[in-house]
1. Just subtract the alpha-carbon distance of residue 77 and residue 63 from 0.36 nm times their residue separation and send over the number in nm, one decimal.
2. Is it possible to state the helix-based mean residue ellipticity at 222 nm for the chain, with each DSSP H run of 4+ residues giving -39500 (n - 2.57), the sum divided by total residues, to the nearest 500 deg cm²/dmol? What is it?
3. Which distance in nm do the two modelled labels at residue 7 and residue 116 give, with both placed 7 Å along the Cα-to-Cβ direction?
4. Out of 42, 94, 119, whose Cα points farthest toward the positive end of the dipole of the chain (charges: +1 Lys, Arg; -1 Asp, Glu; placed on Cβ)?
5. By per-residue mean of other Cβ atoms within 10 Å, what is the highest-first order of 26-37, 42-53?
6. Using a Förster radius of 35 Å, what is the FRET efficiency between residue 96 and residue 49 based on their Cβ-Cβ separation? Nearest 0.05, please.
7. Only helices at least 27 Å long along their axis, Cα-based, and averaging -0.5 or more on Kyte-Doolittle count here, so list those DSSP H runs from the chain.
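Just so it is clear, none of the values below were taken in a lab; they were calculated from the coordinates. Keep in mind that what you see is a predicted model, and the values were worked out from it rather than measured. Backbone-built Cβ (ideal geometry, glycine too); neighbour counts: all protein chains shown.
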Amino acid sequence: MRELHERLRLTARARAGRNAEPSAGIIDSQSVDASETVGEDSRGYDGGKSRDGRKRHILTDTEGLLLEVTVTTTDVHDSKAAPALLETFMDQPGRLLKLVWVDSAYQGPALAKAFARHGVRIEVVRRSDGQRGFVVLARRWVVERTLSWLSCSRRLNRDHERRLDHHAQMVWWAAVIRLSRRLAGDAPRWPEKRPGRLLRARA
C-alpha cells in the first residue's frame, strides 16, 4: 500500500510542477480513542487530549501529501516518536529532505541529534504570545489539514486494529483513496475537455 501511495504522490507532485522529492516537510501527531478490540498492551492514555488509545505521527510535504507514518500508544511523547518517523523516511534512497516544521512539542537534545544525523533542520512554529482559541499557524496548518482528512475515514476515526502496524496500513490506505480521488478529479473529462474524441465518435 505504501508503494502504491508513493507512485501516486510522485505523479501528483509532477502534475503540480514540483520536484519528485520534497526538500521540506511538516510533522505532527493525532491521538485517537481505541475500541475494545485494542489490547491493553498496545494502548495508552494521552492526558493532554484525554484520549485512551493510540497516536499516529505523520510527516507530510508542503502540499499535505503523506510521506511517512508511524503509530504508537498515546502516552509516547511526540519528541520520542519523531526520530523513528524521520529514520524510516530517510532510509529510502533518493531522499532530499532538509527542513521540517514542527510545533513546540518537538524539542530536546536527543531529537535534535537524530535530525542532525541526516542533515535535516528543525524549525519550530510557535503561537504568538496571548493567542487563544483556534489560530491558523504558518506551515503547521498543512499537516493539521492532512490529519483532518485522515479522520474522515471511518476506519481511522476510532482505532479498531489489534496491531500498531495494522493501524499504520489503514492510514496508508486512507491516503491512497484520497490521493487517487484527487488525481482522478484532475483528469480530462469527456466530452467537454476532450472535444476531439467526441468528433471522432460522431464520424
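1. Values: separation 14, 0.36 × 14 = 5.04 nm, distance 2.55 nm.
Difference between extended and current length: 2.5 nm.
2. -12500 deg cm²/dmol
3. According to this spin-label approximation, the distance is 4.1 nm.
4. It is 94.
5. Numbers: 26-37: 19.0, 42-53: 15.9.
For the peptides 26-37, 42-53, the packing ranking is 26-37, 42-53.
6. Values: r = 33 Å, r/R0 = 0.95.
Computed FRET efficiency for residue 96 and residue 49: 0.60.
7. Values: long enough: 164-186 (34 Å, 0.00).
Helices meeting the criterion: 164-186.
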